[in-house]
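The values are calculated or read from the model by the stated rules, or taken from the named source; none is laboratory data. Because the structure is predicted, anything quoted here is derived from the model rather than measured. Positions of Cβ are generated from backbone atoms using ideal geometry, with glycine treated the same way; all protein chains shown enter the neighbour counts.
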Amino acid sequence: MAAPSKKPLILVTGASGFLGSYVVYDALEAGYRVRGTARSGKVDLLKQGYSQYQDRFEVAPVDDVATGDFAEALKGVEAVIHVASPISGVADAETTLDSAINGSLNVLRQAEKVGIKKFVVTSSVVALTSPLNPRILSDYEFTDKDWNPVTKEEALKPGASDFIIYSASKVLSEKAVWDFVKTHPHIDVTTILPPFIFGPFSPGFIVQDASSRKRNLSTNGYVYQLINGSIPQTLGVGTVDIRDVARLHVAALTQGDGSMSQEQKRVLVPRQLIDWKVVAEYIAEKRPELKNRLPPTNDVPNLSGSFATVDTRRARELVDAFFPWQETILAAVDDLVRLEKEGSLVA
């Protein structure tokens, strides 16, 4: 555990989640005092997960980020990292969009009202583009000026896919954040736009309910799918290690010289395109005990052709080196197997 420091108290929303829990861990290790928000039913588990940090970690119950009262959670806080976001496919489209948009705005409004000026907000690469965008298969470079054109109307159409709904929730919630900044230019906001996140669970992460796999595993569910015998969907927007994404959030707290700017600080995260055929064969080589669990790859095509790049200069100013996909995948696999052995997952 890092030694105590005089760094300020920060608030992390969604602290019990896959990413939120790692942001909490990294912030604590960096010397911050952290208050995390979580639903009431997860408060005790969250306290248990970070008990080693004693009074440097607190939990504030907030059952609905979109409508909840953050008055107690924000007391004494100097900066907010807003990670909480609805999970794709858990609720209907309208609820998902409302939770994402009003969740972000509710946190910003209440925090700004009590004088907080520094915010880091989790967005997603799907706010930038979509795997269906033809520019993905080209030599185009996406920048912070690009936006996924998906609309609320598309997301609310009957039969809209979970991915369309999720994409719209990220686009609309991030645009709502920047609209808020336009009318409150004295605040300093950075958004982080990662691709699919894989990797180990944070040291403080505790699985609450073995039957709720989708909510527990988040995007690591794709890796779990692979080691349970089936090839996941191709992830055309790429992947990144959760440890790097957490570090970016914490590093963004001290980004810049403190002066306010109308510039939209959107941090586009370096991505690695993974080929599930190659990934499966790599796991079989490095973890031979799992070979019989992996799907056959003879008929699985390799990724081929040109793929767009992303302007990651802001991210590389915050974090100087990123984990290679091989380390990320093995860390995820090892943790998933560990959770199985502990009985935390239904295999």
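Any residue in the range 247-270 that is part of a helix (DSSP H, G or I), of a type in the set (Val, Ile, Thr) and at pLDDT 95 or above? Outline the logic, then answer.
Going through the range 247-270, the residues part of a helix (DSSP H, G or I) turn out to be 247-254.
So of that shortlist, the ones also of a type in the set (Val, Ile, Thr) come out as 250, 254.
With the extra rule that they be at pLDDT 95 or above, the set shrinks to 250.
Scanning the range 247-270 turns up at least one residue that is part of a helix (DSSP H, G or I), of a type in the set (Val, Ile, Thr) and at pLDDT 95 or above.
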Residues (over 15 Å from Pro194 (Cβ atoms) and either in contact with a Phe, Trp or Tyr (Cβ under 7 Å, 6 or more places away or on another chain) or among the acidic types (Asp, Glu) (or both)) located in the range 112-132 = Glu112
Pull up the range 114-132, narrow it to residues that are of a type outside the set (Val, Ile, Thr) and surrounded by 19 or more Cβ atoms within 10 Å (Cβ to Cβ), then point me to the one that is farthest from Gly20 (Cα to Cα).
-> Ser130
Val24 vs. criteria modelled with pLDDT of 95 or more, within 22 Å of Ser169 (Cα to Cα) and either in contact with a strand residue (DSSP E or B) (Cβ under 6 Å, 6 or more places away or on another chain) or in a loop (DSSP other than H, G, I, E, B) (or both) | no
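Select from the range 81-105 the residues that are among the β-branched types (Val, Ile, Thr) and not in a loop (DSSP other than H, G, I, E, B) and list them in ascending order. Break it down into steps so the answer makes sense when it comes.
Our first condition is that a residue be among the β-branched types (Val, Ile, Thr); within the range 81-105, this holds for 81, 83, 87, 90, 95-96, 101.
Passing the criteria: Ile81, Thr95, Thr96, Ile101.
Residues checked against (1) of a type in the set (Gly, Ala, Ser); (2) within 30 Å of Gly229 (Cα to Cα); (3) over 22 Å from the mean Cα position of the chain (by Cα):
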| position | (1), (2), (3) |
| --- | --- |
| Glu263 | no, no, yes |
| Arg266 | no, no, no |
| Pro295 | no, yes, yes |
| Val300 | no, yes, yes |
| Arg313 | no, no, no |
| Glu317 | no, no, no |
| Leu330 | no, yes, no |
| Leu336 | no, yes, no |
| Glu342 | no, yes, yes |
State whether the residues of the range 57-69 include one that is touching a strand residue (DSSP E or B) at 6+ places or on another chain (Cβ under 9 Å) and over 29 Å from Ala91 (Cα atoms).
-> yes
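Suppose we filter the range 313-328 for residues that are surrounded by 17 or more Cβ atoms within 10 Å (Cβ to Cβ) and in a loop (DSSP other than H, G, I, E, B); how many remain? It would help to see each step written out before you state the result.
Taking the range 313-328 as the starting set, the residues that turn out to be surrounded by 17 or more Cβ atoms within 10 Å (Cβ to Cβ) are 314-315, 318-319, 322-323, 325, 328.
So of that shortlist, the ones also in a loop (DSSP other than H, G, I, E, B) come out as 319, 322-323.
The qualifying residues number 3.
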Filter the range 38-70 for residues that are surrounded by 17 or more Cβ atoms within 10 Å (Cβ to Cβ), farther than 22 Å from Asn102 by Cα and without any contact (Cβ under 8 Å) to a residue 60 or more places away in the chain and give the result.
-> Val43, Tyr53, Arg56, Phe57, Glu58
Determine whether Val120 is part of a helix (DSSP H, G or I), modelled with pLDDT of 95 or more and not charged (D, E, K, R).
-> no
State whether the residues of the range 129-139 include one that is touching a Leu at 6+ places or on another chain (Cβ under 7 Å) and among the aliphatic types (A, V, I, L, M).
-> no
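For the range 134-174, give me each residue that is farther than 17 Å from Asp311 by Cα, of a type in the set (S, T, N, Q) and in contact (Cβ under 8 Å) with a residue 24 or more places away in the chain. I'd like the intermediate steps shown before the answer.
Keep residues of the range 134-174 that are farther than 17 Å from Asp311 by Cα, which gives 134, 149-174.
Those still in the list that are of a type in the set (S, T, N, Q) too: 151, 161, 167, 169, 173.
Residues satisfying the conditions are Ser167, Ser169, Ser173.
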What do you reckon, is Ser304 part of a loop (DSSP other than H, G, I, E, B) and farther than 30 Å from Ile136 by Cβ?
-> no
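Only one residue in Ala111, Ala73, Ala93 is at pLDDT 95 or above, farther than 19 Å from Asp179 by Cα and crowded, with 17+ Cβ neighbours inside 10 Å. Which one? Step through it out loud before you land on a result.
Values: Ala111 fails: farther than 19 Å from Asp179 by Cα; Ala93 fails: at pLDDT 95 or above.
Of the residues listed, the single one that is at pLDDT 95 or above, farther than 19 Å from Asp179 by Cα and crowded, with 17+ Cβ neighbours inside 10 Å is Ala73.
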